[in-house]
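Colleague: Below is a structure I'd like to ask you about.
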Amino acid sequence: MALYEHVFLARQDASPQQVDALIEQYKAVIETNGGKIAKVENWGLKSLAYRIKKNRKAFYALMNIDAPSAAVAEMERQMRINEDILRFMTIRVDALEEGPSAMMQKRDRDDRRDRDDRPGGGRDRDRGDRRGPPRGDRPRRDDFATPFQAATAESEEE
């Protein structure tokens, strides 16, 4: 049997329970056709780079599949019919990845960054230096002279 990575996007209007039901439905299709699902990851609701069928967000899900090509073809056929599925992609791979995918690792890294002890989460700590001195210490507009004003001031002094 061949190894596949399959990712699909479900409508943003669907509830997380409906997305889980879709995963179970396609898992059953693979298993009834002689395959098995090695791993399932629900990546949750994410923003899309561009609108797809009037949706700006979608639920993402990844499935690692060990199945014959006929089982994958049947699952893809059912996904084309389903209105809740916006897009899907199946890629044949030489070996399935062990452990969490890159998307799940990114989520873990973001969670660690949010728990940072520094004030403001460590993101805005230097902002005061970039804004310049407080308003009272700044030079006024009158302190700056244009070349014309400087030349006329010198001629008036003579």
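Each reported figure results from applying straightforward, stated rules to the coordinates on display, with no laboratory input. Everything numeric in this text was worked out from a predicted model, so none of it was measured. Don't worry about glycine lacking a Cβ; one is built from the backbone with ideal geometry, like all the others, and counts go over all protein chains shown.
Colleague: Using the Cα gyration tensor of the stretch 55-98, with a ≥ b ≥ c the square roots of its eigenvalues, what is the shape: rounded (a/c below 1.5), prolate (a/b larger than b/c) or oblate (neither)?
Modeller: It is oblate, given that a/c is not under 1.5 and a/b is not larger than b/c.
Colleague: Sort Tyr4, Tyr60 so that the residue with the fewest other Cβ atoms within 10 Å of its own Cβ comes first and the one with the most comes last.
Modeller: With the sparsest Cβ surroundings first, the list reads Tyr60, Tyr4.
Colleague: Suppose R0 equals 22 Å. What FRET efficiency, 1/(1 + (r/R0)^6) with r the Cβ-Cβ distance, do Glu41 and Asp13 give to the nearest 0.05?
Modeller: Values: r = 22 Å, r/R0 = 0.98.
It comes to 0.55.
Colleague: Under a point spin-label approximation (7 Å from Cα along Cα-to-Cβ), what is the Asn82-Ala70 distance to one decimal in nm?
Modeller: Reported label-point gap for Asn82 and Ala70 is 2.2 nm.
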